[in-house]
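Presented below is the structure to which this report refers.
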Number of protein chains: 2
Amino acid sequence: MSVTTRRWRLRGRPSELIRTDDFYLDEVTLPTLGAGEVLTRPLFLSIDPYLAKFMREWQGPQAEWSEGIIVGRTVSRVIESNSERFQAGDLVLCNAHWQDVDVRPEAELNRIRASAMPASAYLGILGSSGLTAWVGVTQVLNAQAGQTLTVSAAAGTVGSIVGQIAKQLGCKVIGIAGGAGKCAYVVEECGFDACIDYKSADFEQRLAAAVPNGVDLHFENVGARMLDAAIAVANPHATIALCGLIAHYQDDRPIALARFRDLLYKSITIKPFHFVHFESTFGLARKQLSSWLADGQLTFRETIIEGLEHAPEAYVGMLKGDGVGKHLVKVGD
Amino acid sequence: MSVTTRRWRLRGRPSELIRTDDFYLDEVTLPTLGAGEVLTRPLFLSIDPYLAKFMREWQGPQAEWSEGIIVGRTVSRVIESNSERFQAGDLVLCNAHWQDVDVRPEAELNRIRASAMPASAYLGILGSSGLTAWVGVTQVLNAQAGQTLTVSAAAGTVGSIVGQIAKQLGCKVIGIAGGAGKCAYVVEECGFDACIDYKSADFEQRLAAAVPNGVDLHFENVGARMLDAAIAVANPHATIALCGLIAHYQDDRPIALARFRDLLYKSITIKPFHFVHFESTFGLARKQLSSWLADGQLTFRETIIEGLEHAPEAYVGMLKGDGVGKHLVKVGD
């Protein structure tokens with residue numbers, strides 16, 4: 001019996017900004033399951049900024065990118081198994097194509113054990129977003145009680161957790177986000193001390209007013225404009241954790257910082273990082289995140305678009321800054 | 001008896017590039033010595049890149065900058081003393097105006113004890129240049145045997161010492177400098193493994209060819225073009241010590257890095273530093289530098305212009321990249 005599925009791929013290299021018509025839906029027949037392979041159905045596709053680089057370059061960690069085929073993180077359910085380690089019904093974390101169903105080798109699957117948390121949380125607060133935030137705040141920035149921390153994209157899945165973790169650790173936390181709605185979410189639901197709207201005309205002045213004692217730690221998700229604003233209010237010997245550059249994934253232009261010299265004048269260290277390099281800390285991270293979640297001390301939101309057919313809109317919307325929290329496409333159940 | 005002296009000051013705010021006619025020589029009558037003050041005569045003025053920022057902004061650590069009066073590091077001799085701590089004939093390190101003689105408070109003077117080294121060395125290899133290089137290589141980069149280190153402005157006073165210290169520690173060291181003469185100095189006299197001429201058309205390819213195993217540590221003195229070249233050949237988790245931005249002191253334009261995204265993709269940390277913040281290590285630094293000097297394992301050169309009247313030419317020449325090693329103006333004996 002052959003299985004066919006819809007599959008999203010790229011029409012060509014996206015021009016400057018990724019648009020929905022850069023994607024098209026084709027149909028493919030899947031190979032029969034080989035030894036150790038399983039048939040999976042995504043419950044959720046993870047709509048992540050980092051994919052934009054691979055989309056533009058047709059090049060990524062998986063070979064299929066060279067054909068314009070998208071491979072992203074998913075929470076999937078095993079439908080059929082030719083592996084001794086998995087059986088139908090298992091929930092797994094895995095990279096997969098943006099398809100209705102996919103064939104994956106067992107080595108790529110990570111089982112999700114039964115838990116009180118919804119499956120989608122394993123792509124967000126208990127997955128890469130939560131680990132990224134935890135690693136950034138505790139390992140990269142080494143945040144201490146009494147310090148002031150700023151974070152950009154504060155209403156996003158990583159930024160919103162960064163601020164909440166820093167609050168747990170006793171920091172003063174100021175978010176930066178776009179629009180009154182996002183700022184209200186960040187302060188009222190996530191409990192930040194303040195959130196500054198970068199779309200306001202007097203953004204830099206308002207940021208400065210919110211941090212009368214300057215900033216010790218900054219967590220950057222966006223790009224040059226936010227970095228310049230953060231450098232302006234940074235104290236001498238401040239540290240910047242560089243986690244993402246979402247404003248710069250859709251072009252190759254040089255990144256210009258008006259305040260780059262101030263890195264030198266104020267001895268401000270920039271520490272770019274990727275959470276996967278801190279694997280030895282994941283056990284502690286998951287324990288602490290789960291404990292805070294259980295105690296109601298961490299909150300998170302999801303922006304969920306229903307239906308595989310809407311994945312490009314979900315992706316473009318995420319890049320444009322629509323919605324808050326973790327962006328997901330719901331495919332199956 | 002009143003003492004008059006020539007004094008260099010700025011005519012106005014220098015436009016884009018600092019030129020010799022931005023300076024003029026006036027004459028001032030010095031106040032009589034107050035309690036604890038001494039009359040000093042500079043033997044050498046230290047011709048340092050960092051002064052360019054103060055010259056452009058008419059603002060610096062000393063109040064006189066607001067009047068366009070230059071204050072720089074000097075090795076000076078005490079001519080007359082109204083201090084119990086100093087007497088005529090003493091050699092001292094002090095900040096002073098670019099004058100034939102100056103009046104300084106005793107608190108600003110650091111005595112130079114008799115030594116086998118020439119007095120000028122206390123502005124270079126045994127002064128801020130040597131301490132900067134030592135702190136950068138050992139404390140900021142934490143260089144280890146077997147690592148590959150690149151350094152820009154490799155024929156300069158700091159860069160040439162950086163590479164020699166890294167060689168002592170067992171690193172492979174590649175310099176970057178402008179022109180065949182400087183590159184020859186860096187390799188033949190300073191003992192670097194190679195030196196790449198950034199003025200050559202195929203600079204980046206030649207740099208890449210010189211570091212087949214990539215670069216672990218980079219020491220930056222210059223600016224965006226060198227940083228981009230270094231980031232291109234940097235290994236994942238490389239560290240960049242940011243010591244100076246000489247290419248960017250003469251304008252306020254944003255600094256654009258074509259490869260800024262690669263800091264993130266390769267987790268390359270940027271550590272800007274100023275040697276004065278590592279004072280607790282100076283004792284060890286001076287001991288090690290002196291020992292290497294005594295053993296003939298460190299070499300240095302000076303570019304000396306004679307006569308206070310030529311200070312502006314010396315300054316502009318240094319900014320343009322004339323000469324190698326430590327730039328000095330010889331004023332007195």
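Laboratory data are not the source of any read-out in this text; all were calculated from the coordinates shown. In this text the structure is predicted, and so the values were computed from the model without any measurement. Cβ sites come from the backbone with ideal geometry, for glycine too, and all protein chains shown count toward neighbours.
Applying 0.36 nm per residue to the separation of B:Arg113 and B:Arg286 and subtracting their alpha-carbon distance, the gain on full extension is 60.9 nm.
Is the shape of region B:184-248 best called rounded, prolate or oblate, per the rule: a/c under 1.5 gives rounded, else a/b larger than b/c gives prolate, else oblate, with a ≥ b ≥ c the square roots of the Cα gyration tensor eigenvalues? Cα axes put region B:184-248 in the rounded bin. Peptide B:269-281 has a mean of 4 when you count, residue by residue, the C-beta atoms of other protein chains within 10 Å of its C-beta. For B:Glu279 and B:Gln297, the difference between the fully extended length at 0.36 nm per residue and the C-alpha to C-alpha distance is 4.1 nm.
The dipole here belongs to the protein assembly as shown: it is taken about the Cα centre, uses +1 on the Cβ of Lys and Arg and -1 on the Cβ of Asp and Glu, and is about 620 debye.
Please report, to one decimal in angstroms, the Kirkwood hydrodynamic radius of the protein assembly as shown built from all distinct Cα-Cα pairs.
For the protein assembly as shown, the Kirkwood estimate is 27.9 Å.
Under the rule a/c < 1.5 gives rounded, and otherwise a/b versus b/c splits prolate from oblate, where does region A:38-83 land using the Cα gyration tensor?
Because a/c hits 1.5 or more and a/b fails to exceed b/c, region A:38-83 counts as oblate.
Remark: label point of B:Ser15 defined 7 Å out from Cα along the Cα-Cβ vector; separations to the same position in other copies 4.1 nm, ascending.
With neighbour counts taken as other beta-carbon atoms within 10 Å, the residues B:Leu264, A:Leu245 rank, fewest first, as B:Leu264, A:Leu245.
Given A:Lys172/B:Lys271; B:Lys172/B:Lys330; B:Lys266/B:Lys326; B:Lys172/B:Lys271; A:Lys182/A:Lys330, which pairs have Cα atoms separated by over 32 Å?
Flagged as over cut-off: B:Lys172/B:Lys330; B:Lys266/B:Lys326.
Each residue, B:Thr29 and A:Ile304, gets one label point 7 Å from its Cα in the Cβ direction; the gap between the two is 8.7 nm. Using Cα centres only, tell me the gap between region A:102-135 and region A:1-49 in whole Å. A separation of 20 Å, based on Cα centres. Based on the Kirkwood approach, the hydrodynamic radius assigned to region A:101-175 is 13.8 Å, with every pair of different Cα atoms included.
Assign unit charges at the C-beta atoms only (+1 for Lys and Arg, -1 for Asp and Glu), then state the dipole size of region B:211-323 relative to its Cα centre in Debye, rounded to the nearest 20.
540
Computed over chain B, the per-residue total of -39500 (n - 2.57) for DSSP H runs of n ≥ 4 gives a 222 nm mean residue ellipticity of -6500 deg cm²/dmol, rounded to 500.
Of all DSSP beta bridges located in the protein assembly as shown, what percent are antiparallel, nearest 5?
55
Lacking any other cysteine beta-carbon closer than 4.7 Å, the following Cys residues of chain B have no compatible partner: B:Cys94, B:Cys171, B:Cys190, B:Cys243.
Copy-to-copy label distances for B:Pro236, where each label lies 7 Å from Cα along Cα-to-Cβ, are 3.7 nm in order of increasing length. Calculated on the Cα set of chain A, radius of gyration then Dmax: 20.5, 68 Å.
So if I place +1 on the C-beta of Lys and Arg and -1 on the C-beta of Asp and Glu, and nothing else carries charge, what would the dipole magnitude of region A:68-216 be about its Cα centre? I want it in debye, nearest 20.
Using Cβ point charges on Lys, Arg, Asp and Glu, region A:68-216 gives about 180 debye.
Remark: label point of A:Val28 defined 7 Å out from Cα along the Cα-Cβ vector; separations to the same position in other copies 7.6 nm, ascending. Taking A:Val222, A:Val276, A:Val233 in turn, the Gaussian network model of chain A (Cα-Cα springs below 10 Å) assigns the largest fluctuation to A:Val276. Positive contributions from Lys and Arg (+1) and negative ones from Asp and Glu (-1), summed over other residues with Cβ under 15 Å from the Cβ of A:Glu302, come out at +1. The loop-placed GluC sites (Glu not before Pro) in region A:20-84, going by DSSP, that have at most 15 neighbouring Cβ atoms within 10 Å of their Cβ come out as A:Glu84.
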